Amino acid sequence: MRKPGWLDKLERRWNVTTIQAIVILIVFACTGFTVLFLKEPILSLIAEKEDRNWVFTLCYYLLILPVYNTILLVYGFLFGQFNFFWEFEKRMFRRMFGK
């Protein structure tokens, strides 16, 4: 049986095995679902739905970045891929802020 082409590309790009690539994708999925489930309860503590405007939304998107990255590292640790995600975070912040 042959692997899908996209999985081969991820393995080469990330320099990981097939199992590691699958685990990494699972970590990204778990992180996304966790942020999705936490969003509404946390936002409800800050402001009611009808009080939220575009400024509130903009602030949410700016503030969610560190929360998402922290959750990503936690799941990476739990799934045994902390080093991969730590390097991933460092690359991402280098690209965002230069250096």
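The values are calculated or read from the model by the stated rules, or taken from the named source; none is laboratory data. From a predicted model like this one, the values you see are computed outputs, not experimental measurements. Virtual Cβ from ideal backbone geometry, glycine too; neighbours counted across all protein chains shown.
Considering only the range 26-40, state which residues are surrounded by 13 or more Cβ atoms within 10 Å (Cβ to Cβ) and not aromatic (Phe, Trp, Tyr).
Once the filter is applied, which keeps residues that are surrounded by 13 or more Cβ atoms within 10 Å (Cβ to Cβ) and not aromatic (Phe, Trp, Tyr), the range 26-40 yields ILE26, VAL27, CYS30, THR31, GLY32, THR34, VAL35, LEU38, LYS39.
Anything in the range 46-65 that is at pLDDT 85 or above and either of a type in the set (D, E, K, R) or loosely packed, with under 13 Cβ neighbours inside 10 Å (or both)? List them, or say none. Don't jump to the end; show me each part of the working.
First, the residues of the range 46-65 that are at pLDDT 85 or above: 64-65.
Result: LEU65, single match.
In the range 45-63, what residues are touching a Lys or Arg at 6+ places or on another chain (Cβ under 9 Å) and either assigned to a loop (DSSP other than H, G, I, E, B) or closer than 22 Å to MET96 by Cα (or both)? Give the steps one after another, and end with the answer.
The first filter runs over the range 45-63 and keeps only residues touching a Lys or Arg at 6+ places or on another chain (Cβ under 9 Å), leaving 46, 60.
Residue satisfying the conditions is TYR60 alone.
Exactly one of (1) modelled with pLDDT of 90 or more; (2) surrounded by 14 or more Cβ atoms within 10 Å (Cβ to Cβ); (3) of a type outside the set (S, T, N, Q) is unmet by LEU43. Its number?
(1)
Determine whether ILE42 is out of contact with any helix residue (DSSP H, G or I) (no Cβ under 7 Å at 6 or more places or on another chain), among the β-branched types (Val, Ile, Thr) and assigned to a helix (DSSP H, G or I). Explain how you work it out, then say what you get.
Working: out of contact with any helix residue (DSSP H, G or I) (no Cβ under 7 Å at 6 or more places or on another chain): yes; among the β-branched types (Val, Ile, Thr): yes; assigned to a helix (DSSP H, G or I): yes.
Yes.
Being outside any helix (DSSP H, G or I) and among the hydrophobic types (A, V, I, L, M, F, W, C) is the filter; apply it to the range 1-25 and report the residue that is surrounded by the most Cβ atoms within 10 Å (Cβ to Cβ).
Initially, the range 1-25 is screened for residues outside any helix (DSSP H, G or I), giving 1-4, 15-17.
From what's left, among the hydrophobic types (A, V, I, L, M, F, W, C): 1, 16.
On the way: MET1: 2, VAL16: 16.
By that ranking, first place goes to VAL16.
Condition first: farther than 13 Å from LYS39 by Cα and touching a Leu at 6+ places or on another chain (Cβ under 8 Å). Now tell me which residues in the range 52-72 satisfy that.
Scanning the range 52-72 gives a single hit, ARG52.
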